[in-house]
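Down below is the structure, laid out as structure tokens.
The values are calculated or read from the model by the stated rules, or taken from the named source; none is laboratory data. Please read these numbers as outputs of a predicted model, since none were measured by experiment. Note that each Cβ is placed from the backbone with ideal geometry, even for glycine, and that neighbours are counted across all protein chains shown. Each accessible area value is taken on the protein alone, full model and side chains, heavy atoms only, with ligands, DNA and RNA left out. Shrake-Rupley method; radii C 1.70, N 1.55, O 1.52, S 1.80 Å.
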Amino acid sequence: MRVKMGLSQKQREELHKTIADYLKSMGFHSAHSEFVKEAELPENIEDKFSGLLEKKWTSVIRLQKKVMDLEAKLAEAEKEFHSGGPTRDKRDPSEWIPRPPEKFSLSGHRSPITKVIFHPVFSVCASVSEDATIKIWDYETGDYERTLKGHTDAVQDVAFDHTGKLMVSCSADMSVKLWDFTTYECTKTLQGHDHNVSCVLFSPNGDFIFSSSRDKSIKMWDVASGYCTKTFTGHREWVRSVCVNQDGSLLASCSNDQTVVVWAVATKEVKADFREHDHVVECVSWAPHSSYSSIATAAGIPKAGASGPYLISGSRDKLIKMWDVNSGQCLFTLSGHNNWIRDIVFHPGGKFILTASDDKTLRIWDIANKRNSKTIEAHSHFVTCLDMHRNAPYVLTGSVDQTIKVWECR
């Protein structure tokens, strides 16, 4: 018994011709001749049916993915609606947070991603990888732009200066490279570290570069000359990450020696030495002034007395700790990740912290209430890095799964 399909006579004829073309192109000659005979088709099929079945098939798969993404967005919106969460229109931009599903998943790297970062001016971002390359992408369209090559081993970190005209990268090849981002040329290679260089960044005014290394040191380089002007020593193990405060006067570093150290840039003097983590400290970040009132609420101190500076750190002990640099105290600890914490950033609005972890999640933390307010299953493998745009509603994550994901905030 033939099942009646909901197709018109014309659609049915076109489908038969498409199937006949597919059977012929795949070399199924006996099946093709039988089908043509039974479907009463002409021996020669018009060219317009050539390859049509494959095209229709792939477009159906694309549409299915689109439908699944839209269904996930709808489920997310319904959940927010029923739980009384503010909709995007009512929500202040300082409260926008990333929402699944991701807007884009960018692939092209051939090894784990080690760092992702937004450009301060253009709608592009940079990613670096253990495949020794730097890739540039347009985060608004999801398009790949270019690859910058020069390092001979895993690239560990990348940063832009405040103008976005200069970019700096560092690598396991023990070098720091300075790039002109208008021409994409490497203009200087800074040599001086004796081991893997794990972190690099510009001073706020763009005149200096700071780098940290597995050689246990932090170096300060003059951008104009390329010379190393200062070396900070004191850590007993690999210095994982380094971060400079808003006015460039203080440097914070974290290390495999399980400490977080604050240095005075001008004198190299140690201002604070925090030792409460029980494992390697992977990441450290200065709290922006916009977060001071939330930090005061969380720590139970009067807002008038919240003068800062404050510092946050993430560790392989799965904990996040907030530090008061002046008092030398740990103000509070956040727990919730089930594996190493790999990267940490403050939301520009100052109410949230975002963290990336080897538990494959991106988490958003409400500072004032000291709670994990959202967990996003971000990647299929460890999430190694993240960045949040200062002005546009986007977040980036990078992973050992070799992809970079762009998340829209609302």
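What to note about this one:
- For region 238-337: rounded, prolate or oblate by the Cα gyration tensor [a/c cutoff 1.5]: oblate
- For region 3-143, a crude dipole built from +1 on the beta carbon of Lys and Arg and -1 on the beta carbon of Asp and Glu, taken about the Cα centre, is about 180 debye to the nearest 20.
- Test item: Cα-centred dipole of region 218-278, Lys/Arg +1 and Asp/Glu -1 on Cβ, debye: 180
- Counting only residues at least eight positions apart within a chain, or on another chain, the aspartates and glutamates with an alpha carbon under 15 Å from that of residue 17 are 34, 38, 40, 43, 46, 47, 54.
- Karplus-derived HN-Hα couplings along region 342-355 (A = 6.51, B = -1.76, C = 1.60, θ = phi - 60°), whole Hz, x at Gly and Pro: 9, 8, 8, 9, 8, 5, x, x, x, 9, 10, 10, 10, 10
- If R0 equals 25 Å, the separation of the Cβ atoms of residue 55 and residue 110 corresponds to a calculated FRET efficiency of about 0.30.
- Projected label distance in nm at residue 77 and residue 144, using a 7 Å step from Cα toward the beta-carbon: 3.3
- The gain in end-to-end length when the residue 266 to residue 293 segment is fully stretched comes to 6.8 nm, 0.36 nm per residue minus the alpha carbon separation.
- Computed extension length for residue 13-residue 121: 33.4 nm, one decimal, from 0.36 nm per residue of separation with the Cα-Cα distance subtracted.
- In this structure the amide hydrogen of residue 410, modeled in the peptide plane, comes within under 5 Å of the amide hydrogens of 97, 99, none closer than 5 places in sequence on its chain.
- 5 angstrom amide H check on residue 339, placed H, neighbours 5+ away: 359
- Amide H partners (placed H, <5 Å) of residue 241, local residues excluded: 254
- Chain lengthening between residue 47 and residue 163 when straightened (0.36 nm per residue, less Cα-Cα): 36.3 nm
- Heavy-atom accessible surface of residue 360, to the nearest 10 Å², is about 80 Å², with a 1.4 Å probe and all protein chains retained.
- Solvent-accessible area per residue for region 183-229 (1.4 angstrom probe, square angstrom): 44
- Euclidean distance of C-alpha centroids, region 96-173 and region 211-252, integer Å: 22
- Calculated from backbone phi, Karplus (6.51, -1.76, 1.60) coupling profile of region 285-291 in Hz, x at Gly/Pro: 8, 7, 6, x, 4, 4, 9
- Unit charges on C-beta of K, R, D, E only; dipole of the chain, Debye: 700
- The chain - percent of accessible surface contributed by carbon and sulfur, probe 1.4 Å: 51
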